[in-house]
């Protein structure tokens, strides 16, 4: 696999018409997977080493991004999810690797601007159900 361009890591939101639209203006993006540990260590654990229960913890994915506010169709979709507290399908495209898809909730949307600069925004998403992975 060749080195990939960061701009090719794409975040998309369901457009309500059966497709996805790219979340416009993102300059940085991050996808993180986490799982909680279930500690089952007891007094007879070998050498007092911690023991974990496989497959028992809660799994989650988080998406973070920052970019330039463009006030386009994708901005309206994301902003609507914030005001409605809704959950929508998102797609995260990882170049030459695959596509992660599933329900996410927008947990943060911050707008900011400096006097001599453009309006920017920060976006945070948390998974809200089962995710799928499709290899490219």
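Couple of notes before you dig in:
- All positions within segment 23-37 that are under 13 Å from the mean Cα position of the chain (by Cα) and loosely packed, with under 11 Cβ neighbours inside 10 Å: 32
- Only one entry in 130, 73 is surrounded by fewer than 17 Cβ atoms within 10 Å (Cβ to Cβ), closer than 16 Å to residue 22 by Cβ and in contact (Cβ under 8 Å) with a residue 12 or more places away in the chain, namely 73.
- On the stretch given as segment 14-64, residues that are touching a residue at least 12 places away in the same chain (Cβ under 8 Å), in contact with a helix residue (DSSP H, G or I) (Cβ under 9 Å, 6 or more places away or on another chain) and more than 18 Å from residue 99 (Cβ to Cβ) total 5.
Bear in mind that the values in this text are calculations on the coordinates, not laboratory data. Just so we're clear, the structure is a prediction, and the values are computed from it rather than from any experiment. Cβ: placed from backbone, ideal geometry, glycine included. Neighbour counts: every protein chain shown.
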